[in-house]
Amino acid sequence: YDPQHIDAQTCVAWMNNYRAGLSHQQQLRMFNQLDSHDTARFISLLGKQVERMPLGVVWLFTWPGVPCIYYGDEVGLDGNNDPFCRKTFPWDKNKQDATLFALYQQMATLRKKSRALRYGGCQVVSAEGDVVVFVRVYQHERVLVAINRGEACEVVLSDVPLLDVPAWQCKVGTGTIEENVLSLPAVSATLWRNR
């Protein structure tokens, strides 16, 4: 139940290690979740760093597999280990995080419209320090995702053929791409799609 404090390289090594033992079809059927009825809620594990919750949400919806949302996560319900993770749903709108709920809705809509996010291959193109960047690919569709849990930074992407697209359109977040350089705000998740 204790969060692991690891860098991007270690995280990606763990993710690639479990993926290596599965076929692509099995990866697409993985049951991905941030938390469940058996664990502390992700937002509680973040402690005072709740601004990182959107990073987990974007990753949940963009990594290979099926995103599973434990009731209440979408509105910011907290709770430590069992039984506190099984609180009743906060039906009072004043007790719900409307911004977080809007992100869940936005990500669900993007995933529904994107064959790359539902069926595509996944290639990590950068993993260093606090930043993970990966691309999902299906036929001609590309979705580029950058997760930055640290300070504002720039990530220079080497010549990766998968990223050779005429133009990128930012769909989530406020990061920018200019001549293979990603400019990422602090503690942010940005998603681009090729036009």
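The values are calculated or read from the model by the stated rules, or taken from the named source; none is laboratory data. Everything numeric in this text was worked out from a predicted model, so none of it was measured. All Cβ positions, even for glycine, are placed from backbone atoms using ideal geometry, and neighbour counts span all protein chains on display. These accessible areas exclude ligands, DNA and RNA; they are computed on the full protein's heavy atoms, side chains included. Shrake-Rupley method; radii C 1.70, N 1.55, O 1.52, S 1.80 Å.
Structural remarks
- Close Lys pairs in the chain, defined as Cα atoms under 30 Å apart and 8 or more places apart or on different chains, number 13.
- Accessible surface, per residue, of region 99-145 when the full set of protein chains is kept, probe 1.4 Å, Å²: 47 Å²
- Take the Cα of Cys68, step 7 Å toward its Cβ, do the same at Lys113, and the gap between the two points is 2.8 nm.
- Each residue, Trp91 and Ala152, gets one label point 7 Å from its Cα in the Cβ direction; the gap between the two is 4.4 nm.
- FRET efficiency estimate (nearest 0.05) - Cβ-Cβ, Ala102 to Gln4, R0 35 angstrom: 0.75
- As a fraction of the 1.4 Å probe accessible area of region 121-160, surface on carbon and sulfur atoms comes out at 43 percent.
- Ordering 14-25, 103-114 by mean Cβ neighbour count within 10 Å, with the highest value first, yields 103-114, 14-25.
- Proximity of backbone amide H atoms, modeled 1.01 Å from N, is registered between Cys153 and Leu184 at under 5 Å, excluding neighbours fewer than 5 places apart on the same chain.
- The solvent-accessible area of Glu151, taken with every protein chain present and a 1.4 Å probe, is close to 150 Å².
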